[in-house]
Amino acid sequence: MSLSLPPLPPLPPLPPGRGPGRRRAVIVGAGLAGMLAAAALSGVVDEVVVLDRDDLPGGPEHRKGLPQGRHAHLLMAGGLAAMEDLVPGGGVRERLLAAGAREIPLGSGMLALTSEGWLRRWRHDGPRMLSCTRALLDWTVRDAVLAHTRTEVRRAGAVGLVGDAGRVRGVRIAGAGPGAAEGGTREETELAADLVVDASGRGSRVVTWLEEIGVTDVRTRSVDCGLVNATRVYRTPAGAEQFPLTIVQADPYRSRPGRSGMVLPIEQDRWMVSLAGTRGGGEPPADPDGFLAYALALPSPLVGRLASGAEPLTGVHISRSTSNVRRYLEKAARWPEGFVALGDAVATFNPAYGQGMSVAALGARLLAGEVRRDGPLAPGLARRVQRGSARWVDAAWAAAVGQDVWYPDTRGARPTTADRLTTAYSRRLTRAATGSHRAAAALWDVTSLRTGPARLFRPRTLLDVACGPLLPPLSGPPLTASERKILGELDRAAAETGATAAKR
């Protein structure tokens, strides 16, 4: 199964206004998935209304309701390509780079320690991903969509669907009725819509909403390794502006809690240092000294050495909203016309694997293709979108859960025979990628969501896995001479800071 899709056809001309009969789409949630859905629908319906409970910031600032917003985010090549197709008014990539985001080539711009050893850096760049804060990414997309489409954002909370198991005709909105401030009941109003999209995120109540209108057979699964994220932002040291993205990955296969860390270059000449660990003793601490000690104690101290020599700009932010949750909406026996769920409303993934934003973007692109080809009222459209977008959800779910099940205190799943077979192949592929460019390229293509998992089972890739790494394993990170010099300077700066602190 391939995840590669042809480019979307151009948007058709906007239809002429039809007075009271104008078509309306309502989107629940003004986050990334919601604004991408608005972009997907804006050229096809006459009115797009986005509902959100929170006030949206007027710039690239952290917003309430996004528990992972302060932690590391990477926009993979597949997700970026989908956004480029969807978002009007100029390229998302160019806007983000102009605002200070960094473009990271997977082949040459990254230092990565995997469970099977250090990945090499090759002359061929491979796919590229973008590195920036989630606040900047959300703001860039939202600003472009609101500036170039007829999209209205209303501060309101949706509390249910209007309609039945055959068709959704709108949403119920809760407002503040008389006496609400004194604990009185909230008044509910109905907002009619030809198409409703639930993009309300990790806290979606889509299963309950569907049950209320008669769709009662949606199965839900949760796999939770208890991951805790701890993140602190630093000023990028002078001279280290081009230091590569640095990742020390967790090792799920040693029957002990996972520990990982990364140094992510972000806008405004800053480093975002994110640590993560699973329950049972792997959780990173929230105090600054403990944060640094944890980073230095990772399987490679590289993340800790970089952070020790940099100037901190924030405190340590902690988040525990990291479980994998899958709502199998596409498997419901009946699905109402006029209703689609996208992004985290369908599935949330352990953020360590960096695929949630791309899955949401690819789902919105599929929605755009369907409505542009057949119109928003086409019979079966909602079902086709729900089933079609499940392909990307399944791929990301397999990648996340396939590793999380191996942590000793994971709740919701234990390794099956299929997991053992898949993991054995995945580990051999990763080991081959440490010393084989072709094996590494296959790994990049799939993790970037440029292609589907079938890419890993092509005859050439199978041969590469069978042959294993063609080059000997690296004994340490593949640093250039200039990068070694920078690291040495940071070590000296950290030592001097420690000596000064000891004298006080």
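The values are calculated or read from the model by the stated rules, or taken from the named source; none is laboratory data. Please read these numbers as outputs of a predicted model, since none were measured by experiment. Heads up, the Cβs are rebuilt from the backbone with ideal geometry, glycines too, and the neighbour counts pull from every protein chain shown.
Yes or no: segment 36-56 includes at least one residue that is within 17 Å of the chain's Cα centre (by Cα) and buried (at least 19 other Cβ atoms within 10 Å of the Cβ). Checked against the condition, which is being within 17 Å of the chain's Cα centre (by Cα) and buried (at least 19 other Cβ atoms within 10 Å of the Cβ), segment 36-56 yields at least one hit. Exactly one residue out of 192, 199 is outside the structural domain of residue 314 (by TED's automatic domain parsing), of a type outside the set (Ser, Thr, Tyr) and in contact with a helix residue (DSSP H, G or I) (Cβ under 6 Å, 6 or more places away or on another chain), and it is 199. A residue that is small (Gly, Ala, Ser) and within 28 Å of residue 475 (Cα to Cα) occurs somewhere in segment 279-288.
Here residue 195 meets the list (1) buried (at least 21 other Cβ atoms within 10 Å of the Cβ); (2) farther than 21 Å from residue 344 by Cβ; (3) hydrophobic (A, V, I, L, M, F, W, C) almost entirely, failing just condition (2). Restricting 475, 436, 448, 482 to residues that are of a type in the set (S, T, N, Q), over 27 Å from the mean Cα position of the chain (by Cα) and closer than 25 Å to residue 398 by Cβ narrows the list to 436. Applying the set (1) farther than 24 Å from residue 218 by Cα; (2) in a helix (DSSP H, G or I) to residue 318 leaves exactly one unmet item: (2).
Listed by position, the helices (runs of 4 or more DSSP H) inside segment 382-488 whose residues that are closer than 30 Å to residue 343 by Cβ number at least 2 are 417-433, 437-447.
Does residue 21 satisfy the criteria of being of a type outside the set (Phe, Trp, Tyr), modelled with pLDDT of 90 or more and surrounded by fewer than 13 Cβ atoms within 10 Å (Cβ to Cβ)? So residue 21 does not fit the description; no.
Given the structure, is residue 224 touching a residue at least 60 places away in the same chain (Cβ under 8 Å), closer than 21 Å to residue 414 by Cα and of a type in the set (Asp, Glu)? It is true that residue 224 is touching a residue at least 60 places away in the same chain (Cβ under 8 Å), closer than 21 Å to residue 414 by Cα and of a type in the set (Asp, Glu). Looking only at segment 82-140, residues that are among the small types (Gly, Ala, Ser), out of contact with any Leu (no Cβ under 7 Å at 6 or more places or on another chain) and within 30 Å of residue 58 (Cα to Cα) come to 6 in all. Listed by first and then second residue, the pairs with beta-carbon distance under 9 Å, at least 6 apart or on different chains, first residue in segment 387-405 and closer than 12 Å to residue 223 by Cα, second surrounded by fewer than 19 Cβ atoms within 10 Å (Cβ to Cβ) and among the hydrophobic types (A, V, I, L, M, F, W, C), are 401/413; 404/413; 405/413.
Condition check ((1) assigned by TED's automatic domain parsing to the domain that holds residue 46; (2) more than 26 Å from residue 55 (Cβ to Cβ); (3) surrounded by fewer than 18 Cβ atoms within 10 Å (Cβ to Cβ)) across all residues:
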position: 86; (1), (2), (3): no, no, no
position: 91; (1), (2), (3): no, yes, yes
position: 103; (1), (2), (3): no, yes, yes
position: 116; (1), (2), (3): no, yes, no
position: 123; (1), (2), (3): no, yes, yes
position: 139; (1), (2), (3): yes, no, no
position: 145; (1), (2), (3): yes, no, no
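Just to check your reading of the model, which residue among 334, 305, 327 is of a type in the set (D, E, K, R) and either modelled with pLDDT under 95 or surrounded by fewer than 18 Cβ atoms within 10 Å (Cβ to Cβ) (or both)? Selected residue: 334, the only one of 334, 305, 327 that is of a type in the set (D, E, K, R) and either modelled with pLDDT under 95 or surrounded by fewer than 18 Cβ atoms within 10 Å (Cβ to Cβ) (or both). Among the residues of segment 279-290, are any surrounded by fewer than 23 Cβ atoms within 10 Å (Cβ to Cβ), in contact with a strand residue (DSSP E or B) (Cβ under 9 Å, 6 or more places away or on another chain) and of a type in the set (D, E, K, R)? Among the residues of segment 279-290, at least one is surrounded by fewer than 23 Cβ atoms within 10 Å (Cβ to Cβ), in contact with a strand residue (DSSP E or B) (Cβ under 9 Å, 6 or more places away or on another chain) and of a type in the set (D, E, K, R), which makes the answer yes.
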